[in-house]
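To start, the structure itself, in structure tokens.
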Amino acid sequence: MVHCCRSRCRPIIWISGFFLHLSFTTAFDTRTPGGVLPSVQPTVDKAVATVWINPSGLHAGALAWRNVKGNTFWGNASQWGTYLEVRDKDADMLLASLGHHPNSTAIIFFQAYLADISTWTDAPLQRLNYAVQHFSVRGIKPLIFFGDPEFYGIGTWATTHDVVHNTTAQAYLLKNIRTVLALDAVQQYVDHASVYWLGASTRCTGGVNVDATTVSPLGGGDWQVHGRDVQGSAPSICTEDDIAQYNTALRTTFASENVSFLAHVDGPFWNGCTPQPCDPKKWIVSGYSPASLKRARVDGLLGESWTMGTLVDAVETLLAFGTVPAREVVLLNDVPNCDLQSTFKCSTGSVASDTAQWFQWWQQLGLGAWGVWDFIDGGIGDSNGYGDVLLEANGSVSLTAKGRLHAAFAQTQQ
């Protein structure tokens, strides 16, 4: 049997109730010998997105973004049953959180190791395939976001599984990515993907925690990264050459299936652009830099940021360096729900002022797309650090104040 998607024809293999495509062809990138890119490059320009980690209605303690190693709903039959019960309600709420924007996009977070059929069977893949199709049918564009690339098997970590330096480990990750890209619904509906960065992982930091941050008012020091020199002199086991090679391998893998690769970075990356104005050649965070991303020829960027004073100059520096075009940058609003949780602090003192400032900067930068981290944080009655949707103890769902602000802004963009 042969099936044609994204202008490609592939043989199909039937695995436990769903079609799995295997690809043996590539499209060559004329910019660089041996490079691979789709013949017609898709764009994220004008997209409005939210990171979708898990459905509503899960039991308390299902804080997937904090603790998913080997315990994710994709691999849990009971939690998957909950998804099936709430999938339409959640799709309605997701569209509401994005103001029913015509380019509403779900950035589906899927742990890369779950594609290991020998460990997990094909159940997580079947479920992902179903979710991609369901979002698409509901008019929501799916984007696959591979999480935990440095883990394997049941979500375990080992010094030998270094996807940057160990060729066997990297091959394992790329194989898992190709397995996901071969899914029928992914072939049909997905044209962008990303992989969670390693800039804050001990794989690349040499044990230094670059996520350790504190907050002070804007103009008074802002969010600062502690425990390392943000100019790159702290111990790091990932060099620019390492990250350029790693991201090149990711890009070519995605491009072989006509999928554009958005390199992911988080807040510590933007904080690396200090003092400002910063020198792009000295701006290096665990091997991630304007230069290493440019050398990898990544198609775009998926960048998380809160309301941080380093953001505007950092993005302008990146764009001026020619790393990626502005229209292919999806900036993710990572402002916390500081009105709901005292442990989460806003840079300007409130969700409203943080969000207003963040959108002002986004417009000033002239970027192509924006998104939110995230749709919903956890289970019933859990704390809600970042979600646009609040899940009450009685199971009811509603938009948080931040969610309402995002929905209102999305409506102005239509």
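The values are calculated or read from the model by the stated rules, or taken from the named source; none is laboratory data. The structure presented is a predicted model; accordingly, all values stated were derived computationally and were not measured. Positions of Cβ are backbone-derived with ideal geometry, glycine not excepted, and every protein chain shown enters the neighbour counts. Ligands, DNA and RNA are excluded from the accessible area calculation, which covers all protein heavy atoms including side chains. Shrake-Rupley method; radii C 1.70, N 1.55, O 1.52, S 1.80 Å.
Bridgeable lysines around Lys141 (alpha carbons under 20 Å apart, same-chain partners fewer than 8 residues away excluded): Lys46, Lys89.
Given R₀ = 25 Å, what would the calculated FRET efficiency be for Arg327 paired with Trp157, taking r from the Cβ atoms and rounding to 0.05? Can you show the working numbers first?
Working: r = 37 Å, r/R0 = 1.46.
According to the calculation, E is roughly 0.10.
For Thr168, the accessible surface of its heavy atoms amounts to roughly 100 Å² (probe 1.4 Å, protein chains only, rounded to the nearest 10). By a 1.4 Å probe calculation restricted to protein chains, Glu304 has an accessible surface near 10 Å², given to the nearest 10. The label-point distance for Gln363 and Glu85, in a model that sets each label 7 Å from Cα toward Cβ, rounds to 4.3 nm. Modelled spin-label separation between Lys281 and Gln414, with each label point placed 7 Å from Cα along the Cα-to-Cβ direction: 4.8 nm. Under 5 Å between amide hydrogens, built in the peptide plane, is the criterion, and for Thr105 it picks out Val48, Ala49, Thr50, Lys141 among residues at least 5 positions away or on other chains.
Note on exposure: His165, His134 ranked by accessible area (1.4 Å probe, complete protein assembly) read His165, His134, with the most exposed listed first. Projected label points at Val137 and Ser78, each 7 Å from Cα along the beta carbon direction, are separated by 2.7 nanometres. With 0.36 nm allotted per residue and the present C-alpha distance subtracted, the Asp45-His100 stretch has 18.1 nm of extension available.
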